[in-house]
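Input: a single structure, listed below in structure tokens.
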Amino acid sequence: MVTYVSGNEVKSLDHTGNISDITAGTLLGLNHEIQTNNGRIAIRSSRSTIYRVGPQSSFSVQQAIAGEVAIFYGKVYTDSLRSKEIVDGAKYRTSCYLPGPVTGLITNIDAETDRYYSFSDPLEIMEYDEQGERFQIARVEPFSKLELSFDDSLKMRERYKIVATLKLDDAEIASLYSDWVSPIKWK
């Protein structure tokens, strides 16, 4: 369910191409793509996972190899609220899965590179190969960021390359918590 929408620029596009406005309280259906444009949106899943989707980003729930999963692209923070059971998880549109429970921020740097931020818990990035076998691409240690490039022309297990892994400094942590983790900008 949508819990917050900034402005009136956030739109929903259904599988037939119809566009509609999104407001707080809207229930999201399978295969509706949310496009934030210059707005922001907060979503809470039925299992209490929080998704905070920044400007120029998209979000949908789709049927994938791992079942029904949240699929997003752009700047997206996700928090499984420190659940001890495997819930929700997510899929970044460039193919990587984030098995639940998940707390992290993902941003796209350019058309072939994404940046993953981990907060107090490590963040696993995984995928399924052409035979449907799960494999780990990378693990982002707590309070770190990882840049991951990909080449869609390669086989799945060869597709991803870690470009950089860096620890977050105190200023970055404070900025990320202020912008994404704290609910103040999302209510």
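Read-outs: derived from the displayed coordinates by stated rules, not from any lab. None of these values were measured; they are calculated from a predicted model. Cβ atoms come from the backbone with ideal geometry, glycine included; neighbour counts cover every protein chain shown.
Between residue 109 and residue 151, what length comes free when the chain is fully extended (0.36 nm per residue of separation minus the Cα-Cα distance, one decimal in nm)? Numbers along the way, then the final one.
Values: separation 42, 0.36 × 42 = 15.12 nm, distance 1.45 nm.
Stretched fully, the residue 109-residue 151 segment lengthens by 13.7 nm.
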Worksheet item: Across the chain, how many lysine pairs separated by 8 or more positions, or lying on different chains, have Cα atoms within less than 24 Å?
Response: 18
Fill in: Among 128, 77, 177, residue whose mean-square fluctuation peaks in a GNM of the chain (springs only between Cα atoms under 10 Å)
177
Response to the item:
Using alpha carbon centers only, the stretch 1-68 is separated from the stretch 111-187 by a whole-angstrom value of 21 Å
Worksheet item: Which whole-Hz couplings ³J(HN,Hα) result when phi for each residue of the stretch 56-63 is put into the Karplus expression 6.51 cos²θ - 1.76 cosθ + 1.60, θ = phi - 60°, listed in order with x for Gly and Pro?
Response: 6, 10, 9, 8, 7, 10, 9, 7
Worksheet item: Distance in nm between label sites at residue 167 and residue 56, each 7 Å beyond Cα in the beta-carbon direction?
Response: 3.1 nm
Discussion item. Computed from the coordinates I sent, percent of Cα pairs over 27 Å apart equals one of (1) 34; (2) 29; (3) 24. Tell me the label.
Written reply: (3)
Item to complete: Using θ = phi - 60° and the Karplus relation 6.51 cos²θ - 1.76 cosθ + 1.60, list the HN-Hα couplings for the stretch 110-116 in order, rounded to whole Hz, with x at every Gly or Pro.
Response: 8, 5, 10, 9, 10, 10, 10
Fill in: Computed over the stretch 2-186: relative contact order in percent, which uses C-alpha pairs under 8 Å that are six or more apart
12 percent
Worksheet entry | Helical mean residue ellipticity (222 nm; -39500 (n - 2.57) per DSSP H run of 4+; nearest 500) of the chain | -1000 deg cm²/dmol
